[in-house]
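Structure, as structure tokens:
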Amino acid sequence: MKKENIPNALTLIRIAFIPIFVILLTIKNSNLHVIAGIIFVIASLTDYIDGYLARKWQVVTNFGKFADPMADKLLVMTALIMLVELRFAPAWVVAIIICRELAVTGLRLLLVEKGGTVLAAAMPGKIKTATQMLAITLLLCHFFIIGKIFLYISLLFTIYSGYEYFKGSAYLFKDTFK
């Protein structure tokens, strides 16, 4: 495989992990939850690795620009929905997180359409992602108290980072209510 294809292959592997992850969580077995947690960690690490390699080797592709963030959203949203199914996370928290993710994704698309601006991840968004992934992993491994603490921390950063992104892009909506 050519090295320029490796980051995209890692993204595809991350997407391929999702149905395996779901199947493991639909079986009522706490050992399989831990295995699903390990798969989630591995899939999450592919996100870091593929981005690192694409930048290092300067092989950023249109496929990668589209598929990488989509794979991240699919993985995290699937995990959060499964946590609700397992009664490991409150539905209202997951609903807020998913709504924010969809809203910011829409904002990113609008920014690109209106001026080619790419909305880079700011530090609150990076903290949101890290705490979400940690919360999901801890909850899947049945560390419920600390997992829920990180879930609520991620909720706070979800709301704050979403607010910051929209505040910084408010100019897009200035003519909305004229």
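The values are calculated or read from the model by the stated rules, or taken from the named source; none is laboratory data. Note that the coordinates shown come from a computational prediction; the quantities given were computed from them, not determined experimentally. In this analysis, Cβ positions are derived from the backbone assuming ideal geometry, glycine residues included, and neighbour counts consider all displayed protein chains. Just so you know, the surface numbers come from the protein's heavy atoms only, side chains and all, with ligands and any DNA or RNA stripped out. Shrake-Rupley method; radii C 1.70, N 1.55, O 1.52, S 1.80 Å.
Lys pairs in the range 1-137, Cα-Cα under 17 Å, at least 8 apart or on separate chains: how many? Display every interim value, and only then the final one.
Values: Lys2/Lys56; Lys3/Lys56; Lys3/Lys65; Lys56/Lys65; Lys65/Lys73; Lys73/Lys126; Lys73/Lys128.
Count of close lysine pairs: 7.
Across the range 171-177, coupling constants 3J(HN,Hα) worked out from phi with the 6.51/-1.76/1.60 Karplus curve, θ = phi - 60°, read 4, 5, 10, 4, 9, 5, 10 Hz, and Gly and Pro carry x. Only Cα pairs under 8 Å and 6+ residues apart enter the sum, and on that basis the relative contact order of the chain stands at 23 percent.
Using a 1.4 Å probe on the protein chains only, how many percent of the accessible area of the chain belongs to carbon and sulfur? It is 71 percent, rounded to a whole number. Per residue, the range 1-96 exposes 56 Å² of accessible surface when a 1.4 Å probe is rolled over the protein heavy atoms with every protein chain present. Scaling against 2.2 N^0.38 Å puts the C-alpha radius of gyration of the range 68-129 at 1.26.
With the charge dipole of the chain set up from +1 on Lys and Arg Cβ and -1 on Asp and Glu Cβ about the Cα centre, the Cα lying farthest toward the positive end among the listed residues Ala43, Thr78, Ala120 is that of Ala120. Applying the Karplus relation 6.51 cos²θ - 1.76 cosθ + 1.60 with θ = phi - 60° to the range 47-59 yields 3J(HN,Hα) values of 5, 5, 5, 5, x, 4, 5, 4, 6, 4, 8, 6, 10 Hz, where x marks Gly and Pro.
The alpha carbon centroids of the range 106-162 and the range 8-29 are separated by 20 Å. Here's the list of aspartates and glutamates a cross-link from Lys167 could span, going by alpha-carbon distance under 16 Å and ignoring same-chain residues fewer than 8 apart: Glu101, Asp175. The slack in the chain from Leu45 to Val118, taken as 0.36 nm per residue of separation less the alpha-carbon distance, amounts to 24.0 nm.
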